[in-house]
Amino acid sequence: MRISVLQESDAQVYQQVRLDGLRNDPSAFGSTYEREEKFALDVVAERIKPSIDKFVLGAFGDDGYLFGIVAFVRETGMKTRHKGNIYGMYVVPEKRGIGLGKELMGEVIRKAGEIEGIEQLNLTVISNNNPAKKLYMSLGFEIYGREQNALKYENQYYDEDLMVLRL
C-alpha cells in the first residue's frame, strides 16, 4: 500500500472512489452522489489540486488501484488559521478492517502537523458511526460536542459528533 498526495492527474480515480463512497454510505457525507456525479473531470481536478493549505491523500494498492481517500483543508480566517479540517474520509468496503483507515488518518495527521501554525484538527462524524468514532479516538481525537439534525437525507435526520485533535 502506498499513501500519497493526489494530483490533478488522479481526478478520475479519485472521482470513482468518491462516488463509490457517496453511493454506498450516503448518510456519512455532506454531499450526495446525485450532485457529484455531474462534476466534470476538470472540476474534480481543481478540487483535489494540492496547495499549502489543502491536500487530498489517496491509498493505492500495488496494482495502482485507489482504495481510500481523505482530505485536509486549513481554515482561512485570520483568527482560525491555527485549525485544519478533515473531510471525506472513505475506504472501499473490501479494504476495511485491515488498518488502512488508520494509516490514512495517521498520514493526514502527520502531514497537517508539518504545516506551520496548525495547532488542531477538526472533523465531524455521524453520531451512530461507531467504527469511525473508534478509529478517530484511537488516534487521539476527542468528542467536544454534538450537532443534532446536522444532516438531512431522504427525510431522515443524522446527528454529527464534533471531534478535535490538538497537535
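Considering only region 102-118, I want to know if a residue exists there that is part of a strand (DSSP E or B), in contact with a strand residue (DSSP E or B) (Cβ under 8 Å, 6 or more places away or on another chain) and of a type outside the set (Val, Ile, Thr). No - not one qualifying residue is present in region 102-118.
Just checking, which of ASN24, ASN85 is within 16 Å of MET105 (Cα to Cα), touching a residue at least 12 places away in the same chain (Cβ under 8 Å) and polar (S, T, N, Q)?
Unique residue meeting the criteria: ASN85.
Counting the residues of region 77-106 that are β-branched (Val, Ile, Thr), surrounded by fewer than 13 Cβ atoms within 10 Å (Cβ to Cβ) and either under 17 Å from the mean Cα position of the chain (by Cα) or modelled with pLDDT under 95 (or both) gives 1.
Taking the criterion of being without any contact (Cβ under 8 Å) to a residue 24 or more places away in the chain, within 18 Å of the chain's Cα centre (by Cα) and in a strand (DSSP E or B), the residues of region 119-167 that qualify are GLU142, ILE143. Within region 107-118, being within 13 Å of VAL73 (Cα to Cα) and surrounded by fewer than 18 Cβ atoms within 10 Å (Cβ to Cβ) holds for LYS111, GLY113, ILE115. Go through region 126-152 and give me each residue that's aliphatic (A, V, I, L, M) and either within 17 Å of LYS83 (Cα to Cα) or surrounded by fewer than 17 Cβ atoms within 10 Å (Cβ to Cβ) (or both). Selection gives MET137, LEU139, ILE143, ALA150.
Each residue in region 67-83 was checked for being of a type in the set (Val, Ile, Thr), assigned to a loop (DSSP other than H, G, I, E, B) and farther than 16 Å from GLU116 by Cβ, and 0 of them qualify.
The values are calculated or read from the model by the stated rules, or taken from the named source; none is laboratory data. Not measured: the values here are computed from a predicted model. Note that we place each Cβ from the backbone using ideal geometry, even for glycine, and neighbour counts take in every protein chain shown.
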